[in-house]
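Structure, as structure tokens:
The values are calculated or read from the model by the stated rules, or taken from the named source; none is laboratory data. Every value quoted in this text rests on a predicted model; they were computed, and no experiment measured them. All Cβ positions, even for glycine, are placed from backbone atoms using ideal geometry, and neighbour counts span all protein chains on display. Side chains are part of the model used for accessible areas, which takes the heavy atoms of the whole protein and leaves out ligands, DNA and RNA. Shrake-Rupley method; radii C 1.70, N 1.55, O 1.52, S 1.80 Å.
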Amino acid sequence: SGNYNGTAQGTITYTSPGRPNLNFQGDIVSTVSVNSKGGFSIVKWDATTTVSHTVGHGLSVKPRMIIMKNASTSSRNWFVYTDIIDGSLDYLYLNATNIKANSTRNVPTSTVFDQGNLGGVSAGNDCIAYCFTDVTGYQKIGTYTGNGSSSGPTITTGFQPTWIMIKNTSGYNSWAIVDSVRGGNQELYANLTDADNTYTVLNFLSDGFQIINTANGYNANGSTYLYLAIA
């Protein structure tokens, strides 16, 4: 109890699960809200002009996907960073259909990620990141390779998903979102304002899902797909 006026030193992190906490693990002090059991954290920070500066994410394990944006500028893209496609750090745009591209930033660690350029940052810009990692029995971020058949690839997640987002990283296709709550054949797109599209994409399984559509957005032969599945 009492008051303390001073400067935190080292890698002190104030943690209160589910609430915003200061994180000093990166070059930039961040405000972080962490759900460790859900494998998810929300990170806010004030940008610097040095894009290689690091930001603490609070997960204590390496994120497998980070969705990041310069929130001070509406014209900036939503960046999706991951290193699970080919081992190097790649990025896509959540608001566009672009294929994956190589990033010059460092692969995230169990404590920090690189701020990055985010399409252009100025000192003091508000930036936001949503960090995801695998949680056994609950959440899985992975890839699969399309085979162009109506008996498409079967992806094992280790649990029965209820919500799945898929993106063709090799083709200019939308970010498709399906869920089992609406029967599995109602599709939304993260990068479009379209209403529900009735479109049978996959079967939800007790331990994963199987693609049953030959469309390029889900199952082009030889294409690599990124997915986020949540129970």
Given the options G142, G222, G183, G171, name the one that is among the small types (G, A, S), open to solvent by 30 Å² or more (accessible area, probe 1.4 Å) and modelled with pLDDT of 95 or more.
G222
Being out of contact with any Ser or Thr (no Cβ under 8 Å at 6 or more places or on another chain) and not acidic (D, E) narrows it down to one of I66, I85, I128, I42, so name that one.
I128
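With respect to T82, is the statement that it is under 19 Å from Y172 (Cβ atoms) and either under 11 Å from the mean Cα position of the chain (by Cα) or modelled with pLDDT under 95 (or both) true? Break it down stepwise before answering.
On the way: under 19 Å from Y172 (Cβ atoms): yes; either under 11 Å from the mean Cα position of the chain (by Cα) or modelled with pLDDT under 95 (or both): yes.
Here the answer is yes, as T82 does meet what is asked.
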Within the range 153-208, track down each residue that is within 20 Å of T97 (Cα to Cα) and aliphatic (A, V, I, L, M).
I164, M165, I166, A176, I177, V178, L188, A190, L192, A195, V201
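So that you can scan it fast, the table gives a plain yes or no per residue for (1) of a type in the set (F, W, Y); (2) modelled with pLDDT of 95 or more; (3) in a loop (DSSP other than H, G, I, E, B); (4) buried (at least 18 other Cβ atoms within 10 Å of the Cβ):
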site: Q9; (1), (2), (3), (4): no, no, yes, no
site: K69; (1), (2), (3), (4): no, yes, no, yes
site: S88; (1), (2), (3), (4): no, yes, yes, no
site: L92; (1), (2), (3), (4): no, yes, no, yes
site: F113; (1), (2), (3), (4): yes, yes, no, yes
Listed residues I155, I164; which is β-branched (V, I, T), in a strand (DSSP E or B) and either open to solvent by 30 Å² or more (accessible area, probe 1.4 Å) or under 25 Å from N77 (Cβ atoms) (or both)?
I164
Of these, V61, V55, V121, V107, which one is in a strand (DSSP E or B) and either touching a residue at least 40 places away in the same chain (Cβ under 8 Å) or not hydroxyl-bearing (S, T, Y) (or both)?
V55
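Would the range 29-39 turn up any residue that is open to solvent by 50 Å² or more (accessible area, probe 1.4 Å) and touching a Lys or Arg at 6+ places or on another chain (Cβ under 9 Å)? Can you show your working first?
First pass over the range 29-39, keeping only residues open to solvent by 50 Å² or more (accessible area, probe 1.4 Å): 29, 31, 35-37.
Filter once more, keeping what is touching a Lys or Arg at 6+ places or on another chain (Cβ under 9 Å): 31.
There is at least one residue in the range 29-39 that is open to solvent by 50 Å² or more (accessible area, probe 1.4 Å) and touching a Lys or Arg at 6+ places or on another chain (Cβ under 9 Å).
Quick one: would you say N213 is modelled with pLDDT of 95 or more and surrounded by 14 or more Cβ atoms within 10 Å (Cβ to Cβ)?
Numbers: modelled with pLDDT of 95 or more: no; surrounded by 14 or more Cβ atoms within 10 Å (Cβ to Cβ): yes.
No: the conditions fail for N213.
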Before we move on, is V121 modelled with pLDDT under 95 and in contact with a strand residue (DSSP E or B) (Cβ under 6 Å, 6 or more places away or on another chain)?
yes
Going through the range 167-212 in order, the residues found to be of a type outside the set (G, A, S), within 20 Å of D134 (Cβ to Cβ) and outside any strand (DSSP E or B) are T169, W175, D207
From the list S60, S52, exactly one residue is in contact with an Asp or Glu (Cβ under 7 Å, 6 or more places away or on another chain) and either open to solvent by less than 50 Å² (accessible area, probe 1.4 Å) or of a type outside the set (A, V, I, L, M, F, W, C) (or both). Which is it?
S52
